[in-house]
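One structure is given here, and the rest of the page talks about it.
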Amino acid sequence: MSKVINSNEFKENVLNDNGAVLVDFFAEWCGPCKMVAPVLEELGSEMNGKAKIFKVDIDKSRDLALKYEVMAVPTLVIFKDGKPVDKIVGFQPKEALKAKLEQHTR
């Protein structure tokens with residue numbers, strides 16, 4: 001299961017990472033967020049350590065939601081070497097997410 005991180009863990013796990021990290025900004029009450037969760041689990045397995053996946057609950061980490069301009073959930077932000085490089089809003093099929101993520105793992 002993708003690890004849910006809070007604002008304090010974000011810097012260590014995302015901003016200080018030298019690779020590709022996908023962050024799923026979600027909310028417990030969000031239907032599409034529940035749909036994307038198993039897709040991200042599969043994607044995490046398939047990426048075989050080439051990329052990390054974390055989840056951030058926007059209701060518990062509002063500061064991060066504001067900083068990364070999360071206006072709707074789910075919002076997936078791909079970070080490369082600690083910098084946001086791509087943003088995907090709404091549910092996407094696994095193949096589309098994998099293609100986006102692979103662009104940043106080369």
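What the table shows:
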{"quantity": "Any hit, region 19-35, residues being of a type in the set (Lys, Arg), surrounded by fewer than 18 Cβ atoms within 10 Å (Cβ to Cβ) and outside any strand (DSSP E or B)", "calculated": "yes"}
{"quantity": "Candidate set from region 48-106 (those that are among the charged types (D, E, K, R) and in a loop (DSSP other than H, G, I, E, B)); member that is farthest from residue 9 (Cα to Cα)", "calculated": "106"}
{"quantity": "Test result for residue 56, under 19 Å from residue 106 (Cα atoms), surrounded by 13 or more Cβ atoms within 10 Å (Cβ to Cβ) and not polar (S, T, N, Q)", "calculated": "no"}
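Every read-out reported here was derived from the displayed coordinates using simple, explicitly stated rules and does not represent laboratory data. On a predicted model such as this, the values are computed, not experimentally measured, just so you know. Here the Cβ is made from the backbone with ideal geometry for all residues, glycine too, and neighbour counts use every protein chain on show.
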